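First up is the structure itself, then whatever we jot down about it.
The values are calculated or read from the model by the stated rules, or taken from the named source; none is laboratory data. These numbers come from a predicted model, not from an experiment. Here the Cβ positions follow ideal geometry from the backbone for every residue, glycine too, while neighbour counts run over all protein chains shown. All accessible areas refer to the heavy atoms of the entire protein, side chains included, with ligands and DNA or RNA removed. Shrake-Rupley method; radii C 1.70, N 1.55, O 1.52, S 1.80 Å.
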Amino acid sequence: MEQKIERYIDNALDNIAPQLFSFSIILGIILTFLGITFIMKKSSARNLKTIGLVCVGAGVVAIVSGWVQM
């Protein structure tokens, strides 16, 4: 019974893997543009620039990760 469940989960994840990689790239692009927007925005809050840098970093990592896994 346990092997049937494992096989079912493996098959399900194998079928959706390409969509997850594409989603990772799309999410990375969105995060990168959001981070650039936060960095460019004129604001006295230093936290906004830090959040922008974190978004850009996470976005670039997501893009590279999705691209390499494809």
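It is to be established whether one or more residues within segment 43-51 are open to solvent by 50 Å² or more (accessible area, probe 1.4 Å), assigned to a helix (DSSP H, G or I) and in contact (Cβ under 8 Å) with a residue 12 or more places away in the chain.
Yes, that holds for at least one residue.
Of everything in segment 13-42, what is loosely packed, with under 10 Cβ neighbours inside 10 Å and in a helix (DSSP H, G or I)? Give them in sequence order. Step through it out loud before you land on a result.
As a first pass, look at segment 13-42 and keep what is loosely packed, with under 10 Cβ neighbours inside 10 Å: 14-15, 19, 42.
Residues satisfying the conditions are Asp14, Asn15, Gln19.
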